[in-house]
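Could you have a look at this structure, given as structure tokens, before my questions?
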Amino acid sequence: MIDYTPFWATLKKSSETTYTLINERHISSATIDKLRKNKPMNTTTLNDLCRILDCQIQDICQYVPSENDQML
């Protein structure tokens, strides 16, 4: 599963907040909710977050093996 725990640490180190992401950077509150709940999101949104936070993808998400992953 994709885990967004690194996002919260990266956000804390930055000058941004969830408020500024929503109100100044036009990231939807639904996206913030997806980050909180480790829900899927598209790569365009991940790209936007990397640009805003001036970071790499691994600073936003990580892969964590899970027994709940879909069988291939």
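Rundown of residues vs (1) surrounded by 12 or more Cβ atoms within 10 Å (Cβ to Cβ); (2) closer than 28 Å to D69 by Cβ; (3) not acidic (D, E), yes/no style:
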site	(1), (2), (3)
M1	yes, yes, yes
T5	yes, yes, yes
W8	yes, yes, yes
I22	yes, no, yes
N38	yes, yes, yes
T43	no, yes, yes
R51	no, no, yes
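Right, another one. Hey, does the range 63-70 have a residue that's of a type outside the set (D, E) and surrounded by 13 or more Cβ atoms within 10 Å (Cβ to Cβ)?
Within the range 63-70, not a single residue is of a type outside the set (D, E) and surrounded by 13 or more Cβ atoms within 10 Å (Cβ to Cβ).
Going by what's in this entry, would S28 be described as open to solvent by 60 Å² or more (accessible area, probe 1.4 Å), free of Cβ contacts under 8 Å to residues at least 40 places away in the same chain and of a type outside the set (K, R)?
no
The values are calculated or read from the model by the stated rules, or taken from the named source; none is laboratory data. Please read all numbers here as calculations on a predicted model, not as lab measurements. Positions of Cβ are backbone-derived with ideal geometry, glycine not excepted, and every protein chain shown enters the neighbour counts. Areas reflect the complete protein model, heavy atoms only, side chains present, ligands, DNA and RNA absent. Shrake-Rupley method; radii C 1.70, N 1.55, O 1.52, S 1.80 Å.
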